[in-house]
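Computed from the coordinates by the stated procedures, all read-outs in this text should not be read as laboratory data. Every value quoted in this text rests on a predicted model; they were computed, and no experiment measured them. Neighbour counts run over all protein chains shown; Cβ positions are idealised from the backbone, glycine included.
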2 protein chains.
Amino acid sequence: MALIVQKYGGTSMGTPERIRNVARRIAKFQAQGHQVVVVVSAMSGETNRLIALAKEVQAQPDPRELDVVVSTGEQVTIGLLCMALINSGVKARSYTGPQVRILTDSAFTKARILKIDEDRMRKDLEEGCVVVVAGFQGVDDAGNITTLGRGGSDTTGVALAAALRADECQIYTDVDGVYTTDPRIVPEARKLDTVTFEEMLEMASLGSKVLQIRSVEFAGKYKVRLRVLSSFQEEGEGTLITFEDDIKMEQPIISGIAFNRDEAKLTVLGVPDRPGIAYQILGPIADANIDVDMIIQNVSHDGTTDFSFTVPRGEHDRALGILEGVKAHVGARELRADRSMAKVSVVGVGMRSHVGIASKMFRTLAEEGINIQMISTSEIKISVAIDEKYLELAVRVLHKAFELDQVPA
Amino acid sequence: MALIVQKYGGTSMGTPERIRNVARRIAKFQAQGHQVVVVVSAMSGETNRLIALAKEVQAQPDPRELDVVVSTGEQVTIGLLCMALINSGVKARSYTGPQVRILTDSAFTKARILKIDEDRMRKDLEEGCVVVVAGFQGVDDAGNITTLGRGGSDTTGVALAAALRADECQIYTDVDGVYTTDPRIVPEARKLDTVTFEEMLEMASLGSKVLQIRSVEFAGKYKVRLRVLSSFQEEGEGTLITFEDDIKMEQPIISGIAFNRDEAKLTVLGVPDRPGIAYQILGPIADANIDVDMIIQNVSHDGTTDFSFTVPRGEHDRALGILEGVKAHVGARELRADRSMAKVSVVGVGMRSHVGIASKMFRTLAEEGINIQMISTSEIKISVAIDEKYLELAVRVLHKAFELDQVPA
């Protein structure tokens, strides 16, 4: 008998019929003798509906009150799922974040979990109950309702698994696992049976979007065994997220090709190369709450350098406007902007101990005539910025070059 | 400076624009130096939407889980109203029933309030905050979310006023007070400046539907000063519900004409007149959860009697079906049913000390050729059942006969 935490997202909770399907799946697990704690998101679209309603009342909704409103989305689904379970003859009891209680700090709309009381859940499990907990929400020390920010239900799932020392935390999504790359672009893309936490972090932040990045960090920190599965398929083992300790010798060098389509590149040319210049350029961008992704500054020549960075495409115009002001201030020569960039990355913990990955990547792209505009690397990934029109081609040839369509020996 | 509890219903909370209007009204009260606690219902239609959703998942929703789902309706409106208040520069803080905390028994979907903690509200009021509380909900001793049943937001308002020893509890509705009868039927109908609790109870139960009957009982028990006002009119004093102690000597004999259109009459003829017969007839009706209103049994002759009662029209067919079985069992001679009945009542605490009210009522109806089919009386009302087609005429002539269109001297 195992204790399993399962998390179901908004799509799985989207209709009464789907909720009944989830209930059947849970009932099957319980019938196998497992104890099950379930974390659910709001019905798909509901959180956005509530936020839109709030904005109709107050353009910038008060954060405390926004959390009061938005947290109702998950409160509805925990009740509905328990009804479906009870209807299938399974004992079930729902809890909101405050009821559990999931104690957080008081950072409304982006609270962090501090502590989870497990007593009540433990008692219900011992009575043979399925425990259904609202994701994405908690309560602060003063009794105020808080939310963890978008996608926080994954984090709730992992945090509950950590608190209960669960045998596994299963995240059910609309994909059946983590793939070597997006199967819509590369039909030969292969589901990975395992992927390391670090690779998962790189994949998530690079746009694979299977798991919320915070939940992956959390699972790594508390050593929670985490598995991604499809909520629409009855069978399948999904992808298990592993710790590096578990990595087998035959771990492939590269695990996958991640990419992000919607980027824009901004370059400040002829910047005097003096201390503090990076801050003078990026400070105003950060102050405007624009996320910056890749940042490149190469060595200077003749006392000036070029400074490039990428932002989400939707922020291109705002960022450019800010740079116009910065340009005169820092005495730069010129601004250049390109709003049709894409980023492609090869990811793999194995590349640490292997040379030649970067050169193989660059050669593969060169053979297809794809120009690399920016390069940035970390311990376990190499990212390049390229013209967006070459994105699909780049992903396909890299996938083939690194033999990701082959099952590792 | 007064402490006022205001309650706004679902229609007043129906759209962001209406919510902003309510916020402006509250801001005006606060600007006058009053402390304000506000109780709100869910947006109109929302509670029904949530119940329908629950029934799609489980035909007979589990009561505990239904309360979890349905209580989200008011949680959304407390947040939205606070946003509107904060947007108008008014400090405001929302509380769910459990947050207050409004302690109830554990009768899910129809819980009763046991105790209200006032400390947190008191503290906020002292800090100049408007306190906004979700109506209709509470929490039981074990921490489960409960609801008070439909219309329970009025009860929450009165209960908070009692706990806080508020100077007044104002119930805002879509009418501007209690009228001598329905102005849609009698254009001369007059708004009452005051009405007694007992009259209000009779009016509410007879279909005037301005206030939920439980909240009126509650206000009477805890001596809460209760006022009904319009949420759509800026001016007006509404109708104050008074205690009998306050009644002035010039209290009119009759306060109003109440009526209920949707009744059906069922009569069991030739019932042997023996002990237990009323129970044998009405027991199966009650077991089927059919509400019975008027019950009439007159003296017997030749050892048999006739037994009549009224039910909501929608229950006519079910009730008749049940009586078919009862008829043989009790040895009755015949069943008669009439599905187009209406009930008209004259209500007034003054009638206690005045004879001749009943005869005046009967004479007035007789002069118009309206046949009285059933009569039932209480200390402060006389009700008659008549053919539905005479309803409007009966209400109009009685309103005139008792001079309700005249302002009392």
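Inter-copy label distances at A:TYR222, using a point 7 Å along Cα-to-Cβ, come to 4.0 nm with the shortest given first.
Looking at the protein assembly as shown only, what percent of DSSP beta bridges run antiparallel? Nearest 5 please.
Working: 90 of 146 bridges.
Percentage antiparallel, nearest 5: 60.
Is segment B:3-173 rounded, prolate or oblate when judged by the Cα gyration tensor, a ≥ b ≥ c being the square roots of its eigenvalues, rounded requiring a/c under 1.5 and prolate requiring a/b larger than b/c? Verdict is oblate for segment B:3-173.
Annotation for B:ILE185 and B:SER376: the two label points, set 7 Å from Cα along the Cα-Cβ direction, are 1.7 nm apart. Of the trypsin sites (Lys or Arg not before Pro) found in segment B:117-199, those in coil by DSSP whose Cβ has at most 13 other Cβ atoms within 10 Å are B:ARG165, B:ARG184.
Taking the Cα centre of the protein assembly as shown as origin and assigning +1 to Lys and Arg Cβ atoms and -1 to Asp and Glu Cβ atoms, the resulting dipole is close to 60 debye. Each copy carries a label point for B:SER44 at 7 Å from Cα toward Cβ; from one copy, the others' points are 3.3 nm away, ordered from shortest.
Pull out a ≥ b ≥ c, the square roots of the eigenvalues of the alpha-carbon gyration tensor of segment A:271-318, then state rounded if a/c is under 1.5, prolate if not and a/b is larger than b/c, and oblate in the remaining case. Present the calculation step by step, with values, prior to reporting the outcome.
Working: a/c = 2.88, a/b = 1.89, b/c = 1.52.
Since a/c reaches 1.5 and a/b is larger than b/c, the shape of segment A:271-318 is classed as prolate.
Okay, helix-only estimate at 222 nm for the protein assembly as shown: each DSSP H run of n ≥ 4 adds -39500 (n - 2.57), divide by all residues, round to 500 deg cm²/dmol; what do you get? Walk me through the numbers on the way to the answer.
Working: 26 runs with 281 residues, N = 818.
The helix-only estimate for the protein assembly as shown comes to -10500 deg cm²/dmol at 222 nm.
Note on the protein assembly as shown: Kirkwood hydrodynamic radius from all Cα pairs is 31.4 Å, rounded to one decimal. Taking the axis that rotates chain B onto chain A, the chain B residue nearest to it by Cβ, with the distance rounded to whole Å, is B:THR72, 2. Label-to-label distances across copies for A:PRO183, with labels 7 Å out along Cα→Cβ, in nm, shortest first? Nearest first, the other copies' label points are 6.6 nm away. Averaging Cα coordinates gives a centre for segment B:169-235 and one for segment A:31-102; these two points are 37 Å apart.
For segment B:257-401, the gyration tensor built on C-alpha atoms gives a prolate shape. Its axis ratio a/c (a ≥ b ≥ c) is at least 1.5, and a/b is the larger of a/b and b/c. Distance between the pseudo-spin-label points of A:ALA328 and A:ASP141 (7 Å out from Cα toward the beta carbon): 4.8 nm.
In this simple spin-label model, placing a label point 7 Å from the Cα along the Cα-to-Cβ direction at both A:VAL299 and A:LYS223 gives a separation of 4.5 nm. Stretched out straight at 0.36 nm per residue, the stretch from A:GLU403 to A:ASP287 would grow longer than its current Cα-Cα span by 37.5 nm. Here's the picture: a label point sits 7 Å out from the Cα of A:ALA358 along the beta-carbon direction, and within segment A:368-382 the residues with their amide nitrogen under 18 Å of it are A:371-382.
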